[in-house]
Amino acid sequence: MKLNPFKKNNNQIYYTENREEFIEKNKNFIYRCAFKVCKRKLSWENDDELSIALISFNKACDTYKEDKGNFFSYASLLIRNTLIDYFRTQRNTPYLIFDDEDNKKDFIDTKISLDSYEIERENTHRAEEIQLFSEDLYKYGVNFSSLIKLSPTHINTRNNLLNLANKCASNDTIMNYIISKKKLPINQIVLMTNSKRKYFDKWRKYLITLIVLIHSDNYPYIKSYLNIKVGDSNEN
Amino acid sequence: MKTKTGIVMELNKSSACLLTNTGEFVKVRINTPLPSIGSIYSGKVINSLPLTKKALIAASLTIFILFNSMIYAYSKPVTSVVVDMNASFSIKLNHWNKIIKISPLNQAGEELLSSVAIKNKELSEGLNLLFTKSYYKDNNHLNEDNCEIIIYISDNKTINISNFETSVKEKNMTLSVNYESSEKINNEIKHQIMNKKRNQNNQNNSENNSYNNGKTPSNNSNGNDNGTKKRKGSE
C-alpha cells in the first residue's frame with residue numbers, strides 16, 4: 001500500500017513533527033537518488049553530495065503540493081536538479097554525460113510507479129514548461145523544428161556540448177552577455193575552453209538551448225528528464 | 001527505423017518533435033491516439049534527407065536512366081542489309097542508318113573486314129570503304145568488268161546510298177538493290193553462315209586427312225569424298 005504522507009487522510013503530523021522520522025525512513029531513497037547521479041559509492045559522513053540531497057529532500061517536503069503529482073518522483077526531481085547545479089559550483093566540475101543505460105540497471109523495487117493521475121500532473125507541468133521554454137528560445141532565434149536538424153547525432157558530441165554549456169552557465173560575464181544580447185560570446189568561450197570556432201558555428205543553436213535549459217530555474221521537469229550523470233573524464 | 005522515446009515538444013500533422021533523455025531532438029511518426037505536448041511518447045524516427053541531397057540523387061538517377069536509354073536506342077538494330085560483292089556481309093543498321101554490327105558471310109568477307117574499321121559509319125560510307133578496299137585487293141574478283149553487286153535491304157526501307165551507287169558506276173559495275181522482308185533476309189543469312197561453317201569443317205577435315213593419309217592407306221576414299229564436298233560448297 002502506497003503511503004502518501006501528505007494526503008489529508010493520513011496523519012498530518014508527518015508534515016511538521018515527524019519530519020525527522022520521515023527523513024530517516026527514507027534515507028535509502030535519498031541515497032539511491034544521489035547514487036544514480038554521482039555514479040559512485042557515497043558516504044554519509046564525508047560526501048557533500050549526500051548532505052545536499054538531504055537538504056533537497058527536506059525542501060521537497062516543504063514545497064510539495066497535491067498538484068505536483070507523486071511525492072517521490074517530485075523529490076527525486078529536486079534532488080537531481082540540485083545536484084547538477086551543485087556540480088557547477090565546484091572548483092573541479094566533474095565531466096557530465098547524458099546517460100543512456102539508466103533504465104536497464106533499475107531494479108523493480110527502486111522504480112517509482114505512477115498512477116494515471118500522477119502521470120497527468122507531470123505531463124501538465126512539462127507542457128507548461130515547454131510553452132515557456134519555446135517562448136524563451138524564440139528570443140534567441142531557435143525553434144524546435146530547426147533543432148531537429150541541428151542536434152548532434154553522436155552522443156559524445158552532445159556530452160561535450162553539455163559540459164561546455166555547464167561551464168558557460170557558471171560564468172557570470174558570459175551569462176550576462178548571453179541574456180542581454182541574445183547571442184553567444186563566441187570569442188570569450190573559445191578563449192575559456194580549448195575548442196575551435198568552427199565547432200561553435202556548427203552547434204551554436206543546440207548550445208544555446210542547453211545553456212538556457214541549465215541556467216534557468218524555470219524548467220525543472222525538463223531538466224530532470226535528461227539523464228544527466230557524472231561520467232568518467234576519460235570519455236572525452 | 002529506430003524507435004525513440006522522449007518528451008513531446010512540438011506537434012505537427014503526422015510527426016512530432018521529441019526531446020530524448022540523452023538530449024537529442026528527434027522527429028518521429030505519430031499514430032492515433034495523438035499524444036499531447038509534454039507527455040512522454042515513443043515513435044519511429046523519420047529520417048529526412050536535406051533538400052540538396054535529394055535533388056542530387058534525383059538528378060544523377062535521371063542522368064543514368066537517360067544515358068542508358070540513349071545507348072539502348074542507338075544500338076538497337078532496325079534494318080538488316082546483306083551485301084554481296086564477292087565478299088558477303090550481313091550488316092545491321094540502327095534508326096539513324098549507322099552500321100552497328102557487321103558480320104562476314106564468307107572467307108573473303110572475313111579477310112576484308114579485318115583490315116577495315118567500319119562500325120558507326122553511315123551505310124553509304126561503309127559500303128564505299130568496303131568496296132574500295134576489296135577493289136584494290138590482290139586476289140579479288142571484282143576487277144572483272146560488269147560485275148554485279150547485290151544488296152538486300154529488309155522491310156522496304158529506303159536508305160540513301162547514292163554515294164555508293166555513283167562510286168560503283170565509276171568502276172563500271174552494276175548495283176542492284178532488292179527489298180525483301182526481314183524474315184527472308186534472316187533466313188538467307190543463316191543459310192550463308194551454315195555454308196561457311198560447312199566449308200570450314202571440310203577444310204579442317206581435309207587437312208587432318210591429308211596428314212593421316214601418309215600413315216594409313218585406308219583413308220583414301222575419305223580424301224576423294226572431301227574433294228567433292230568442297231566443290232559443292234564453293235558455289
Failed item in (1) out of contact with any Lys or Arg (no Cβ under 6 Å at 6 or more places or on another chain); (2) touching a residue at least 60 places away in the same chain (Cβ under 8 Å), with A:Ile186 passing the rest: (2)
Scan of segment A:130-170 for residues that are without any contact (Cβ under 8 Å) to a residue 60 or more places away in the chain, under 14 Å from A:Ile222 (Cβ atoms) and of a type in the set (Phe, Trp, Tyr), ordered by number: A:Phe144
Residues of segment A:191-220 classified as more than 26 Å from A:Thr124 (Cα to Cα), at pLDDT 85 or above and surrounded by 14 or more Cβ atoms within 10 Å (Cβ to Cβ), total: 7
Test: residue in segment B:42-49 that is touching a residue at least 24 places away in the same chain (Cβ under 8 Å), of a type outside the set (Lys, Arg) and loosely packed, with under 11 Cβ neighbours inside 10 Å: yes
Elements of type helices (runs of 4 or more DSSP H) in segment A:1-120, at least 1 residues being at pLDDT below 80 and more than 30 Å from B:Lys4 (Cα to Cα): A:13-16
Any chance A:Leu147 is at pLDDT below 85 and within 13 Å of another protein chain (Cβ to nearest Cβ): no
Residue under evaluation B:Tyr74, criteria (1) more than 13 Å from B:Ile151 (Cβ to Cβ); (2) surrounded by 17 or more Cβ atoms within 10 Å (Cβ to Cβ), criterion not met: (2)
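Conditions (1) under 30 Å from B:Asn94 (Cβ atoms); (2) within 13 Å of chain A (Cβ to nearest Cβ); (3) β-branched (Val, Ile, Thr); (4) out of contact with any helix residue (DSSP H, G or I) (no Cβ under 8 Å at 6 or more places or on another chain), marked per residue:
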{"site": "B:Met1", "(1), (2), (3), (4)": "no, no, no, yes"}
{"site": "B:Gly23", "(1), (2), (3), (4)": "no, yes, no, no"}
{"site": "B:Lys27", "(1), (2), (3), (4)": "no, yes, no, no"}
{"site": "B:Ile57", "(1), (2), (3), (4)": "no, no, yes, yes"}
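The values are calculated or read from the model by the stated rules, or taken from the named source; none is laboratory data. Keep in mind the model is a prediction, meaning the values are calculated, not measured. In this analysis, Cβ positions are derived from the backbone assuming ideal geometry, glycine residues included, and neighbour counts consider all displayed protein chains.
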